[in-house]
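Below: one structure, written as C-alpha cells.
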Amino acid sequence: MEETRLQRHVRAPWRGLALWLLAIPATLVGLWFIAVVSMITSFVGVLLFPSATMLLRERLDAYRVRINRWTDVQIARPYLPEPEREPGLSGVFKRFIALVSDPATWRDYLWAFADPIVSVFTAALPGLLILYGVWGYVLAAFAGDMIGHYGGSDWYTYIHVTAGYGRDTGRVVSTVIVATACIALGYAIGPKMLTAYGHWGRAILGPTRKSELALRVQHLTETRSEAVDASAAELRRIERDLHDGAQARLVAMGMTLGAIEHLLDRDPEKARILLAETRASSAKALHELRDLVRGIHPPVLADRGVADAVRALALDHPLDVEVSADLPARPEPPMESAAYFAVSEILTNAAKHSGASRVWIDMRHENGMLRITVTDDGRGGATLDGGSGLRGIERRIGTFDGVLALSSPAGGPTIVTMELPCALSSPKTSPS
C-alpha cells in the first residue's frame, strides 16, 4: 500500500537511523575484507578473497533492498557476471581475477568506510535531530537540575546547563523551544535527506556503464536462449498436434475414400455410410486445424488487436471474467502475441488451481509500458518457485524485457501484474 505524505515524514527519520546502524556490521565485514586484501600476495589471500567479497556484497545488498523500498531511488546490483565454476586451482584463480577486476568490488570497500560518515549528514541526520530534541525535553523536565545539583556542566546548543538551571525559567523555556524546533526540523527534512542518501547509494552501490552493458549482455544471452527453447517447444507441440490430430484424420479419410471407391458399384449403401463418416471426419479435421491456428496466432488477435482478443478469450472462459482495456492504439504484433498468450496461460492457471469464481483483467498503456493486471478471488498461495506456469510466463515476457510481479497471500486475492516496454503502433480509427 502506498504511503501517505504524513507517513513518509513520520517514518523517514527512523528509517535513516536504521540505515546508519547497518554500518556497524558492514564496517566489521569491511575490516575483515581489508585483512584479506593485506594477504592477497599469498595463496591464503587468494583463497579467502572470494568469500570475503561475497560476504561484503551480502551485507551491502541489505542497503540496496532498503533504499529501493524506502526511497524513490532504485539501485540494481552492479556486479559483473562471474565465470563458470571450474575445479582445481585454475578455477580458483579465474574467480579471484574476475572479482579483483570488478570495479564494484572496490566501490563496495569504499562504501563500507565512507558510509558511516556520509549517513550521519544525510539519512541519520533527521533522526539524530529528533533524539536531540527529546534530550532537550528531558533536560528541561529534570535532567538539567540533576546535572547542576551534582556540580556538572553541559551545553544544549547555546544554552549553558549548570547549577540553578531549573530555577532559570528563561533557560528552560529556551531549551524547550530549541528542542521543539529540532524535532520539527527532523520530521520535516526526513524524506528529503533519505532521498539524498539514496542518490549517494546509487552513485557508489549502483552499476557503472561498463557493468550495465555486461549485465545487459548477460540478460540478452539468457533471454535469447529461453526464446530459442520456447520456440523449439512450440514447434514440437505444433508437430505433435498435427501428427496426432488433423494428419491422422486426413490419412484415415484417404483410406476411407479408397474403400468407398471399391464399394460404389458393389454396395452403394455402405459407400454412402462411409461418405457420411468421411464428411464428419473432415469437419473434425477442419475444427482441429482451426484450433491449432488459433493456438499459434488467433485470427481475432491479428484482426482486432490484443484487447478484443482477450475479451474473446474471456467469453469462452469457464470463470466469470471482466476485462477493462484502455489502449489508445495497438502494440506491435510480437508484443501483442506475448501479452495475449501470457494472459491466456494465467486464466488457465486460475481455472485449474485458484478455486476462483471471478477474474478481473485490466490493460492499459502508461509511460511507454503495456501494463496488464490479472486479479482473481481465489484461495491465493500462488508462487513463482519451482517449475510453475508463472515462472514460464516470466521467462517468456523477459524476452521482451518484460517483468512479472505476483501478490498472492493465503486466502487471496491473487494479483499478477505484467509490464512490457512497447510503443503503440497504429492508432485507432473511428468508423466513417
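The values are calculated or read from the model by the stated rules, or taken from the named source; none is laboratory data. In this text the structure is predicted, and so the values were computed from the model without any measurement. Heads up, the Cβs are rebuilt from the backbone with ideal geometry, glycines too, and the neighbour counts pull from every protein chain shown. Keep in mind that these areas ignore ligands, DNA and RNA; they rest on the heavy atoms of the full protein, side chains included. Shrake-Rupley method; radii C 1.70, N 1.55, O 1.52, S 1.80 Å.
Just to be sure before I move on: is Tyr197 of a type outside the set (A, V, I, L, M), open to solvent by less than 70 Å² (accessible area, probe 1.4 Å), farther than 30 Å from Tyr63 by Cβ and touching a Leu at 6+ places or on another chain (Cβ under 9 Å) in the structure I sent?
Criteria not met by Tyr197.
Output the qualifying pairs, or none if there are none: Cβ atoms under 8 angstrom, residues six or more apart or on different chains, first residue in the range 70-97 and more than 25 Å from Ala12 (Cβ to Cβ) and hydroxyl-bearing (Ser, Thr, Tyr), second residue at pLDDT below 80 and open to solvent by less than 70 Å² (accessible area, probe 1.4 Å).
Tyr79/Ser211
Out of all the residues in the range 105-118, is one or more farther than 29 Å from Thr4 by Cα, touching a strand residue (DSSP E or B) at 6+ places or on another chain (Cβ under 6 Å) and surrounded by 14 or more Cβ atoms within 10 Å (Cβ to Cβ)?
no
Residues in the range 346-365 that are surrounded by 15 or more Cβ atoms within 10 Å (Cβ to Cβ) and either among the polar types (S, T, N, Q) or in a helix (DSSP H, G or I) (or both): how many?
Residues meeting the conditions: 7.
Output the number of residues of the range 328-337 satisfying the condition of being under 12 Å from Pro421 (Cα atoms) and either of a type in the set (A, V, I, L, M, F, W, C) or in contact with a Pro (Cβ under 7 Å, 6 or more places away or on another chain) (or both).
1
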